[in-house]
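What follows is a set of notes on a single structure, which appears directly below.
The values are calculated or read from the model by the stated rules, or taken from the named source; none is laboratory data. Bear in mind the structure is a predicted one, so any value in this text is a computation, not a measurement. Neighbour counts run over all protein chains shown; Cβ positions are idealised from the backbone, glycine included. In case anyone asks, the SASA skips ligands and DNA or RNA and just uses the protein heavy atoms, side chains included. Shrake-Rupley method; radii C 1.70, N 1.55, O 1.52, S 1.80 Å.
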Amino acid sequence: MSATTPPARGRIRHTLVLTGLAAALAAAVVAALALGSVRIPPGQVVAALTGHADPSPFRTIVLDVRLPRVLLGAVVGAGLAVVGTVLQALVRNRLADPFLLGISSGASTGAVLVLVLGIGGGITTTVAMPAAAFAGSLVALVLVYGLARRGGELTGGRLVLAGVTVSYILTALTTLVLVVSARPEHFQEALYWSMGGLGSARWSTLLLPGVVLTLGTAALMALARPLDLLLLGEEGATALGLDTARFRAAVFVLASLVTGVMVAASGAVGFIGLLVPHAARMAVGATHRVLLPVAALGGAVVLVVADLAARTVAAPQDIPVGVLTALTGGPFFLWLMRRRPEGAPV
């Protein structure tokens, strides 16, 4: 007779899910390093990663060309999934994600302004662009939150409408800035970047996103219990001692920072922050201490696989990965809307 208690079964399930996702990420990384315009045997990939490969074109392709791109995909996917998970808890809305709430559009606007104006000189791609993207995402989030919150009450419907509206306005502003720019090369470069892509990944562009993801996720893990309290509703969280307004403001700033840095590194990759948290919640439940690591690993797997598809399905053409995630995320969003009970809040 089994003597396994429900909490023990939960821990076993959590461990199994994490182990499965870690194995899936390792397999996805090897596949992404092996496949492309030049196919490399998996044994050569493993040898290059473990330092046992002799100098050769295969080794150069794996370590200098594909590995930075794959790692950036894992970092950005994890970051967007973690931010989506947190935003859904903060606003208690299952449709919240950085793309739908206009945060990614704000980050894009800030980054494009730096690109067009040439702010930052040689440090544009490493410091100035992430900083501007953070500022843009924070402004967008404040606008959306202010527009959606009326009379001290925040509803899901107003939040989504405000997010879509702010996203359209900022996208139009970004396009206007590019059109009036005196240098047409800015338009092509920024247009491709705004569709989301990892083709510009270099070892030098990995440090900042990696540090922000690590520190940001660690900070959010430390805030797992207050995030759980928000699921009880405003009154329940306040009754248990949480200053909800101050807590939301602090986490909004942190979410904007992570989103801004990820968007500056990869462009606007949509729907990762919407798709992955739902799948993670179905696998391990809504407790954030176990949910956030699962969402991070899940986001990394999804974006590494999506980028591999973007590089190979129409080779030699490199499709922006944001196009593929939108083609997947759009139908998922419609499925969520259809599942919503009639008359229920969005």
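Quick notes on this one:
- Rounded D (µm²/s) - the chain, Kirkwood Rh over Cα pairs, Stokes-Einstein at 20 °C, 1.002 mPa s: 103
- Working ranking of peptides 102-114, 270-282 by packing, defined as the average number of other Cβ atoms within 10 Å per residue, highest first, is 102-114, 270-282.
- Relative contact order computed over the chain (Cα-Cα under 8 Å; 6+ residues apart), in percent: 30
- Label point distance in nm, Ala309-Arg94, each placed 7 Å from Cα along Cα→Cβ: 2.2
- Our estimate of slack between Ala286 and Val180, defined as 0.36 nm per intervening residue step minus the Cα-Cα distance, is 33.5 nm.
- Net lengthening on full extension, Thr60/Ala8 (0.36 nm per residue, minus Cα-Cα): 14.1 nm
- Under the span-like rule (Cα at least 20 Å along the axis, Kyte-Doolittle mean at least 0.5), DSSP H helices of the chain: 6-34, 67-90, 103-117, 129-148, 156-180, 207-222, 244-266, 288-312, 321-339
- Ranked by how many other beta carbons lie within 10 Å on average, peptides 216-229, 73-86, 239-252 from highest: 73-86, 216-229, 239-252
- Peptide packing for 7-17, 91-101, 41-51, 200-210 was compared via the average number of neighbouring C-beta atoms within 10 Å per residue; ordered from the highest value, the list is 91-101, 200-210, 41-51, 7-17.
- Those residues of the range 11-36 whose amide nitrogen sits under 18 Å from the label point placed on Val46, 7 Å along Cα→Cβ: 22-35
- Of all accessible heavy-atom area on the chain, the percent that carbon and sulfur account for (1.4 Å): 68
- Extended-chain gain in nm, criterion 0.36 nm per residue less alpha-carbon gap, Arg158 and Phe332: 60.6 nm
- Solvent-accessible area per residue for the chain (1.4 angstrom probe, square angstrom): 47
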